[in-house]
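Notes to accompany the following structure.
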Amino acid sequence: MSAMLAETRPDQATAVVDAPPPKRKRVVIIGGGFAGIAAAHALRHADAEVVLIDRRNHHIFQPLLYQVATAVLSPAEIAAPIRQLEAKQRNVSVVLAEVTAVDLASRTIEAALPGAGVRKIAFDYLVVATGMRPSYFGHDEFARHAPGLKSLNDAETIRAKILGAFELAATTDDEAERARHMTFVLVGAGPTGVELAGSLADLVKVTLRGNFHRIDPAKSAIILLDASKRVLPTFAESVSRKVTRRLEKLGVKVLTGVKVETVDERGVVAGGSRIASATVLWTAGVAASPVPKMLGTKTDRAGRALVDPFLKVVEAPGVFVVGDAASLMQNGHPVPGVAQGAIQEGNYVGRLIASELKGRRVKRPFRYFDKGNMAVVGKNYAVLERDWLRTSGFLTWLVWAFVHILSLPQLQNRLRVQQQWLWSYFTGQRSSRLIPEPPRA
Ligand SMILES: Cc1cc2nc3c(=O)[nH]c(=O)nc-3n(C[C@H](O)[C@H](O)[C@H](O)COP(=O)(O)OP(=O)(O)OC[C@H]3O[C@@H](n4cnc5c(N)ncnc54)[C@H](O)[C@@H]3O)c2cc1C
């Protein structure tokens, strides 16, 4: 642990600002997601003290969260401890803490360390990489009944809700109640909603086949709702049409152009009609984490910090925002909130700071390189879109699987996920079917 953090005693509720100024410049990175890790890595040869702060001790490979939620994978297979960065990179200190305030005037942040109160940490450079969180479009009361999918906890909650619903359906004698337990509503038909719906369809049709004598899970209703006119609105229309057809083939009912008005313990009201459901999942909006707002500089409607083409916060020298937390336009389009964008931005800012520390000014602004977008729709089928190129089907799915295996953090995860996928592909079985707490009706 760096001297700066050892300074303060655990019993101090609010701590002193870090005492002796460090010999080297200090770069504080908030967030150990795709962007924060990439920034830290790009600073590996820099003559700087890098402090990486995250409220979680692990980095999550979010593109596969839906597979944890549908019991294909277990949480540890898509996560990696952030702390192992300290073993790999000598100039990094990893701190488990939640950042609660940023003071640009004194160039300090406040971080709440578990069991150790709040510490102030001074910075020379600050990189905010705190990502997004689910947004209920001003209806936070929906969150109680419709969990979003952003963390491993969320994925486990959803998995328990889905699997628990079948247990409850199998024990009730009330037909209407059984139907409610076997109706799954997903609000939001972006990539997460589509992937979750497809995987859920495979679960009920294949994995759970024959597992219940009293009910037939294949008769479940899976409803994918969206207020926009088509699924995957950020993809081309032709791709949306293909994906809709594929989902329907899997038995998913796609309802687009339908606005959700209420979510409660009985289900949803959408487009004026009630859909009785015990499992409503929120795969719709996202908003930035509160940290960009703590800067007190300009943000967009979703709370993302407005940055210049160098990913700098204009009014705050030495302060950068990267990844999903940043709002940047390029060629008239926003840089998308995807893992590739976050990695490229984190990498760019890490290098930029390393150059500045050597006294060099970086003249080339950040350029996002679009490697293409993909989405999986159940087993054996994926779509890919890149510029004019559009492909779909089994081969695209193989490419998707290959790319995702390679992108996973840690070799052991790559090996384990590959093994789980092969097992699941040939047997239809999913090995992570756990309900940790008894399901509630
Ligand atoms: C379910 C799901 C599926 C997705 N699928 C895909 C996909 O298939 N392909 C794709 O390219 N992208 C996908 N994305 C988007 C992609 O995951 C994000 O674009 C990417 O994670 C953004 O990286 P980031 O580093 O900006 O933020 P994140 O990866 O979200 O990391 C933010 C980090 O900041 C930490 N943090 C937040 N607030 C604080 C605080 N106050 N103090 C300390 N730490 C804090 C968090 O704990 C987290 O570790 C998906 C996202 C989700 C949620």
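If R0 equals 41 Å, the separation of the Cβ atoms of L422 and F369 corresponds to a calculated FRET efficiency of about 0.80.
Considering only alpha-carbon pairs that sit under 8 angstrom and 6 or more positions apart, the relative contact order computed for the range 285-441 is 11 percent.
How big is the shadow of the Cα convex hull of the range 159-206, averaged over all directions, in nm²? Can you show the working numbers first?
Working: hull surface 14.3 nm².
Average projection, Cα convex hull of the range 159-206: 3.6 nm².
The distance between label points at D173 and S431 comes to 4.1 nm (points 7 Å beyond Cα on the Cα→Cβ vector).
Spatial offset of the range 180-213 relative to the range 292-349 amounts to 35 Å, using the alpha carbon center of each.
For the range 54-110, the mean projected area of the C-alpha convex hull, equal to one quarter of the hull surface, is 5.4 nm². As a proxy for reagent exposure, Y348, Y136 were ordered by neighbouring Cβ count within 10 angstrom, fewest first; the result is Y136, Y348.
Do you know the relative contact order of the range 98-146, to the nearest whole percent, from alpha carbon pairs under 8 angstrom that are 6+ apart? Present the calculation step by step, with values, prior to reporting the outcome.
Numbers: 43 pairs, mean separation 10.6, N = 49.
Reported relative contact order: 22 percent.
Note on S424, S273: ascending count of other Cβ atoms within 10 Å places them as S273, S424, the fewest first.
The orientation-averaged projection of the convex hull spanning the C-alpha atoms of the range 319-383 amounts to 5.8 square nanometres.
As a rough footprinting exposure proxy, the listed residues K358, K298, K363 were ranked by other beta carbons within 10 Å of their own, and the order from fewest upward is K363, K358, K298. Would you mind classifying the range 191-289 by shape? Square roots of the alpha carbon gyration tensor eigenvalues, ordered a ≥ b ≥ c; an a/c under 1.5 is rounded, otherwise it is prolate if a/b is larger than b/c and oblate if not. Judged from the Cα gyration tensor, the range 191-289 comes out oblate (a/c at least 1.5, b/c at or above a/b). The calculated FRET efficiency for the pair T262 and A287, based on their C-beta separation and a Förster distance of 25 Å, comes to about 0.75.
Please report, ordered by residue number, every helix of the chain (full DSSP H runs) that is 30 Å or longer along its axis going by C-alpha atoms and whose mean Kyte-Doolittle hydropathy reaches 1.6. Sorted by number, there is nothing, because no helix extends far enough and scores high enough.
Solvent-free Debye calculation, one equal scatterer per alpha-carbon of the range 309-441: log10 I(q)/I(0) at 0.14, 0.16, 0.20 Å⁻¹ equals -0.85, -0.96, -1.16. Model label sites at L395 and K229, defined 7 Å from Cα along the beta-carbon direction, differ in position by 3.2 nm.
Here the calculated FRET efficiency for E86 and R361, from their Cβ-Cβ distance with R0 = 45 Å, stands at 0.90, rounded to the nearest 0.05. Stretching D300 away from D47 to a fully extended chain increases their span by 87.7 nm, per 0.36 nm per residue minus the current alpha-carbon distance. The label-point distance for A105 and F310, in a model that sets each label 7 Å from Cα toward Cβ, rounds to 2.6 nm. Straight-line cross-link partners of K150 among the lysines, defined as a Cα under 19 Å from its Cα and at least 8 positions apart when in the same chain: K161.
Quote the relative contact order of the chain in percent (integer), defining contacts as alpha-carbon pairs under 8 Å separated by 6+ residues.
On the way: 926 pairs, mean separation 87.1, N = 441.
That works out to 20 percent.
Counting every pair of alpha carbons in the chain, the share spaced more than 31 Å apart comes to 44 percent.
No lab work stands behind these numbers, since they all come straight from the coordinates. Keep in mind it's a predicted model, so treat the numbers as computed, not measured. Every residue, glycine among them, receives a Cβ derived from its backbone with ideal geometry; neighbour counts consider all protein chains shown.
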